[in-house]
Amino acid sequence: MDGDDPPNLKNMTTKIVPLISSGIAGPLGVLHLPRLWLKASLEERGKLADGYPGIGAGYDSMVINGLGLAEAAVRKYIKDAKPTYPEFEAWVSKQPGVKLDKASVEKLNASISGYIHNDSTRKGILSENKIPETATAPKDAVNLNNLDDWYAFHQAELK
C-alpha cells in the first residue's frame, strides 16, 4: 500500500451477467419471470452486463405480454420499489387483467420451453462454447441461452 485510502467500494459499479435461467419459475409457476425481474432490476441500477437488455424483445416480452402486463408499469414498479422477487410476484398477481390461470401459465411456459433459436444463433453459441454440432447438442433456446450466459460470465469473471 502506498498510504492512499482504500477505494470506496460502494460507489464502484459492477456489471453482472444474469445467471438465473429462463427455465426457472418462481412460486407463481411462470418460467422466465425470475430472470425478467433480475435483468430489469440490474438495468435500473446500472449493473446489468453489457449486451443484455433489461427488458428485451424475446422471452421478456413474451412473459409480459403473456401475463397481460404493461412493460412501462413493470419498469416503473421495479425502478420505484426495488422489490425482492416475492414482492415482484405479489405485485404481478395484483395487476388488473393479469393472466395467471393454469391454462394461460401452461401456454406461456410451453412457448418458452419450446422456443428454438434460428440456425445461425444456435451455431454461434455452440461454436463459442466449443461444443460440436451433433445430434445431442442443445437445440432449444433455454439451454442455448444458459450456455451463452455461462460463457459470458466465464469471460467476465473467471478467465
Please go through region 56-80 and pick out each residue that is farther than 20 Å from THR13 by Cα, hydrophobic (A, V, I, L, M, F, W, C) and open to solvent by less than 50 Å² (accessible area, probe 1.4 Å). VAL63, ILE64, LEU67, LEU69, ALA73, VAL74
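Restricting the search to region 51-69, which residues are hydrophobic (A, V, I, L, M, F, W, C) and free of Cβ contacts under 8 Å to residues at least 12 places away in the same chain? Full working, then the answer.
In the first step, residues of region 51-69 are kept if they are hydrophobic (A, V, I, L, M, F, W, C); the result is 55, 57, 62-64, 67, 69.
Passing the criteria: only ALA57.
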Neighbours by Cβ (under 8 Å, 6+ apart or cross-chain): first from region 84-113, touching a residue at least 60 places away in the same chain (Cβ under 8 Å); second hydroxyl-bearing (Ser, Thr, Tyr): LEU100/SER93; ILE112/SER22; ILE112/TYR59
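The values are calculated or read from the model by the stated rules, or taken from the named source; none is laboratory data. Just so we're clear, the structure is a prediction, and the values are computed from it rather than from any experiment. Note that each Cβ is placed from the backbone with ideal geometry, even for glycine, and that neighbours are counted across all protein chains shown. Side chains included, ligands, DNA and RNA excluded: accessible areas come from the protein's heavy atoms. Shrake-Rupley method; radii C 1.70, N 1.55, O 1.52, S 1.80 Å.
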